[in-house]
Amino acid sequence: MSIVKVIQYHLLRKYKSLAGIYLKRNADKLVAARWAQQQGQFQRAPNGINQTLMVNLTSFPARFATLHLTLKSLLLQNTQFDQLNLWLYQQDIAKLPSSVTVLTQHGLNILPVAKDIRSYKKLIPALQQFPDAFHVTADDDIYYRENWLHELTRNYHGDNSEILCWRAHRIMIDKRTKQVLPYRKWEPKTEVRGPDPLLFFTSGGGVLFPPGCLGKQAINSELAHQLAPYADDLWWYFMARVNQCSIRRVGDNPKLITWKGSKGESLWTFNKQETGGNDHQFAQLNAYFGVFK
C-alpha cells in the first residue's frame, strides 16, 4: 500500500471513529426507545434468501447484565430472519436475568450446550443441529444497527461458496519472505471489499455463512480446541480457506459499538499478545492445514 493510501486509510478510520462517538454514548438509550416504540410488533422486510436464516450468538454470566441490549438490537433488525439463537452452556442458563428470559416471548430461542466450548458455542452447535440453514454470527457485547442483517442478506447472490462479512482485517504478507506477518501488523478493520482470500472476517462483526460453506470438518470441536482454543475466528477462517470459499466484505465499515466495560471480559487483549495469542494459534492451524505454504 502506498504512503498516500495508508494516510487515507487512517484518516477514514479516524473519521468513522469520531462519527461513532454519539452512538457509543447513546446506543443503550436508542435501543430502549426503539423497543418501546415497536411494542413487540416488529416490522421486517423479506431477506430475499428464501431459505431458513438463523442469527446465532453465545454468552457467559459476566456479560449477562448487558446481554438484553444486544438481543434487542438483533430483534429490532429491519430484515426478516427465522430464528435468533442464544447458545449457552447448560449450567449457565439458570443464571440468566429476567431481562433476557422475557425476550423468549419476542422470538429469542435459548438453547443449551452440554459442554462449555467457550466461543465455539456461537456456531458449532448451530452447524450440527441445522446444517441446511444459512447462519449469521453475532457477539454478545455489540450494538447492531437496524440495517446490519439487511446488508449481509442483500449482498448474497446465490453463491454458497462465498462468505459475506461486515468487518474484516486484512492479512499482510512480507514482500521479501512471502511469509504471513504477525497479527499486530495486519491491516485492521480494512476497507478492502474483495473477494480476497486474505480478508480475515471477525464473526462478532457479523458474518453470513451459507449452508456447507465451511465443510464437515468445521464442527470438529476437539480439533478446533487443540489448534485454536481461544481463537474461533481463526478456526472459521481456516475452514473457509480449506473449503475453497471466497470472502467478501459488505457494508460501510462503521465503528463497532460495544457496551461499556465489556472488552475487559473478552479475549481481545490476550489474542494480541506476541506469544500464545493469535500468532501462535495461526501457526498451529497453518502447520496442520497448510493453507499458507
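Brief remarks follow.
- Cα gyration tensor shape for the range 43-185, rounded if a/c is under 1.5, else prolate or oblate: oblate
- Listed peptides 102-108, 206-212 by packing density, highest first (mean Cβ within 10 Å): 206-212, 102-108
- Options [x] -0.25, -0.42, -1.09; [y] -0.41, -0.65, -1.17; [z] -0.27, -0.44, -0.98 - which one matches log10 I(q)/I(0) by the Debye sum over Cα atoms at q = 0.07, 0.09, 0.14 Å⁻¹ as calculated here: [x]
- The range 17-114: C-alpha gyration tensor shape, a/c 1.5 cut-off, then a/b vs b/c: oblate
- Dipole of the chain [Lys/Arg +1, Asp/Glu -1 at C-beta], most positive-end residue of ILE21, VAL4, PRO188: VAL4
- For the residue pairs LYS14/LYS178; LYS185/LYS255; LYS29/LYS95; LYS122/LYS178; LYS72/LYS260, the alpha carbons lie more than 22 Å apart in LYS14/LYS178; LYS29/LYS95; LYS122/LYS178.
- Helix axis angle, 3-19 relative to the chain longest principal axis, alpha carbon, degrees: 10 degrees
- Rounded to 5, the percent of DSSP beta bridges in the chain classed as antiparallel: 35 percent
- Only helices enter this figure: runs of n ≥ 4 DSSP H residues, each worth -39500 (n - 2.57), summed and divided by the residues of the chain, yield -9500 deg cm²/dmol at 222 nm to the nearest 500.
- The magnitude of the dipole of the range 18-73, with charges of +1 and -1 set on the Cβ of Lys/Arg and Asp/Glu and taken from the Cα centre, is near 140 debye.
- Gyration tensor verdict on the range 84-162 (Cα atoms; rounded if a/c is under 1.5, prolate if a/b is larger than b/c, oblate otherwise): oblate
- Packing rank of 236-245, 216-225, 136-145, where each peptide gets the mean count of other beta carbons within 10 Å, highest leading: 136-145, 236-245, 216-225
A short reminder: the numbers here are calculations on the coordinates, not readings from a lab. Quick caveat: nothing in here was measured; it's all calculated off a predicted structure. FYI the Cβ positions are ideal-geometry reconstructions off the backbone, even for glycines, and counts take in every protein chain you see.
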